[in-house]
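Here is the structure we will look at, set down as structure tokens.
Coordinate-derived values only; no laboratory data. These figures come from a predicted structure and were not determined experimentally. With ideal geometry, Cβ positions are generated from the backbone for all residues, glycine too; neighbour counts draw on all protein chains shown.
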Amino acid sequence: MKRFILILIQFLFLFRLYAQPDTTQKIIQDRRNSPAQQQKPYVILISADGFRYDYAEKYMADNLLTLSREGVRAASMIPSYPTLTFPNHYSLVTGMYPSHHGLVSNYFYDPGRNASYSMRNANTVKDGSWYGGMPFWVLAEQQQMLTASFYWVGSEADIKGILPTYHYSYNEVIPIERRIQIVLDWLQLPPDRRPHLITFYFPEVDHSGHSYGPDSPKTGEAVRWVDSSIKKLTDAVKTTGLPVNFIFVSDHGMTNIDVENTLPMPSAVDTSKFIIPRGSELVVLYAKNIKDILPTYQKLKKQENGFKVYFKSEMSKQLHYGDKDDLMNRMGDILLIPDWPKVFHFSTRKPNPGAHGYDPYLVKDMQATFFAWGPAFKKGMRIGSFENVHVFPVVAKILDLKYTHKIDGTEELSEKILK
């Protein structure tokens, strides 16, 4: 018995040891800003995951509202489809739709690789070969401008063999005060070692929105916590005297779903014949044998009730999620899309009340936030809604980063909001 207890204690110790998140800063030591890049301004791109387009006013985020009045505020920012975390964070930094940059969902299958990508699998998350397009930290580093990331989708992967000079493995245990101090430390480095582009990420609003719903007091508390943290961050940055520009965005919004009447997997789907990654607001079927696609689709069309079934060729062109957009052949063979507020749910446990992933043109709750302020932006400007792929050219313009590769974003937004 004593031996068993000793073994159990050793096991628990090792489990805790290896389960500890990696909180160490990764620094690529041999990089320097070129003399020309040392003269450039600075951009801090902040994402508050799940911060719906109306949350700032709904929950009285006074600091953000004040800062946005000093700069630019959009009626909303329209996420790319599907309105999920990984596809949209990567669209923001590449200027490309998910179907073009390759992160077509949080979970998907790639037939060419015979492998699956998962946002919860560190091996796929950190493998740069999964990521198409060019995040602007890669573009900047190629042009001898240093960058830093306190989390962002793709920032842990060696995309085109390049990582941000300063970066962290994703974790949620570093306190906000410490994170702000590290940003301040970065900006106080000597000019040749100082990052000009910093990405910064908050998960709290998304967590609360999922767990309690977008109308919950808990979600309001998370919004106000982010708001107060933004004030701490901007106050700290102000002490440097540097020309820092802030862009505050979210990847998607949040909506209430029907948790009582969820959709099961339709009986028309023989799950042994398809690879089916995790999904609720979008379920994708990848056929193991192409002969099973058409008969399954025909059976599903007869069972449509609370959901719609599509071939890629039938998807709305507005979503840029059709067969002609599927540049990496990752979007599957059959798509099942629930009618909002329905969700597919394959567990006995009741789903969380808040969700996202729907068409942002049909469900306005999916739309996101865009505020920007700083010396590069016009002041007191209100603009209409725009797609998130247009953020990339704004950042590139501020930092004077040159790019020749094809993106989906245009310079129309940057021409409108930059001085």
Return P(r) of region 30-137 (all Cα-Cα pairs; 10 Å bins starting at 0; whole %; ordered from short to long distances).
11, 33, 28, 23, 5
Hey, which lysines would be in cross-link range of K288, C-alpha to C-alpha under 25 Å, not counting anything within fewer than 8 residues on its own chain?
K273, K299, K301, K302, K308, K312, K324
For S228, project a label point 7 Å along Cα to C-beta. Then give me every residue of region 61-83 with its amide nitrogen under 19 Å of that point.
61-67
Starting with the highest mean, order 61-69, 246-254, 32-40 by the number of other Cβ atoms within 10 Å, averaged over the residues of each peptide.
246-254, 61-69, 32-40
Under unit Cβ charges (Lys, Arg +1; Asp, Glu -1), what dipole magnitude, rounded to 20 debye, does the chain have relative to its Cα centre?
560 debye
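Can you give me the convex hull volume of the Cα atoms of region 261-316, divided per residue and expressed in Å³?
Working: hull volume 5.3 nm³, N = 56.
Dividing the Cα hull volume of region 261-316 by its residue count gives 95 Å³.
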Hydrodynamic radius by Kirkwood, which averages 1/r over all alpha carbon pairs of region 316-419, in angstrom
17.3 Å
Treat each spin label as a single point 7 Å out from the Cα along the C-beta direction, and report the S385 to S169 distance in nm.
4.0 nm
Kirkwood Rh, region 75-217, all Cα pairs: how many Å?
16.4 Å
Neighbourhood charge, 13 Å Cβ-Cβ cut-off, centred on F370 and excluding it, Lys, Arg +1 and Asp, Glu -1:
+1
Among S34, A75, L327, whose Cα projects farthest towards the positive end of the dipole of the chain, with charges put on the beta-carbon of Lys, Arg (+1) and Asp, Glu (-1)?
S34
Round to the nearest 0.05 the FRET efficiency obtained for S118 and E411 when R0 = 30 Å and r is the Cβ-Cβ distance.
0.30
For the chain, which DSSP H helices look membrane-span-like by this rule: Cα extent along the axis of 18 Å or more and mean Kyte-Doolittle of at least -0.5?
2-19
Burial order of peptide ranges 380-386, 344-350, 274-280 (average beta-carbon count within 10 Å, highest first):
274-280, 380-386, 344-350
Of V43, V395, V173, the one that fluctuates the most in a GNM where the chain has Cα springs shorter than 10 Å:
V173
Work out the FRET efficiency for T271 and D339 from their Cβ-Cβ distance, taking R0 = 25 Å, and round it to the nearest 0.05.
0.65
Within a 10 angstrom radius of the beta carbon, how do T271, T296 rank from fewest other beta carbons to most?
T271, T296
Across 20 Å bins beginning at 0, the whole-percent shares of Cα-Cα pair distances in the chain come to 26, 55, 18, 1
Stretched out fully, how many nm does the piece from V259 to D235 gain, at 0.36 nm a residue minus the Cα gap?
4.5 nm
Region 196-333, Rg to Rh (Cα coordinates; Rh as Kirkwood inverse mean 1/r):
1.12
Sorted from fewest to most neighbouring beta carbons within 10 Å, what does the list R194, R73 look like?
R194, R73
Interchain or long-range residues, amide H under 5 Å from F108's placed H
Y117
Take every Cα pair under 8 Å in the chain that's 6+ residues apart, average their separations, divide by the length, and report that relative contact order as a whole percent.
30 percent
Report, in debye and to the nearest 20, how large the dipole of region 212-306 comes out about its Cα centre when Lys and Arg carry +1 and Asp and Glu carry -1 on their Cβ.
360 debye
Footprinting exposure proxy for K312, K324 (fewest neighbouring C-beta atoms within 10 Å first)
K324, K312
Suppose each label sits 7 Å from its Cα in the direction of the beta carbon; what would the K419-S347 distance come out to in nanometres?
5.0 nm
Extreme residue, positive dipole direction of the chain, given options L92, G354, L300 (C-beta unit charges):
L92
Lys and Arg at +1, Asp and Glu at -1: add these up for the other residues within a Cβ distance under 10 Å of H252 and post the number.
-3
Of the options V284, S316, T271, report the single residue whose Cα projects farthest towards the positive end of the charge dipole of region 271-352 (beta-carbon charges: Lys, Arg +1; Asp, Glu -1).
T271
Per DSSP H run of at least 4 residues, take -39500 (n - 2.57); add these up for the chain, divide by its residues and hand me the 222 nm value, nearest 500 deg cm²/dmol.
-8500 deg cm²/dmol
Taking the Cα centre as origin and putting +1 on Lys and Arg beta-carbons and -1 on Asp and Glu beta-carbons, what dipole magnitude results for region 271-352, to the nearest 20 debye?
280 debye
Just L139, L362, L45 to compare: in a GNM of the chain, with alpha carbon springs under 10 Å, which one fluctuates most?
L362
Just the C-alpha atoms of region 271-352: what Rg/Rh do they give, with Rh taken as the Kirkwood radius?
0.96
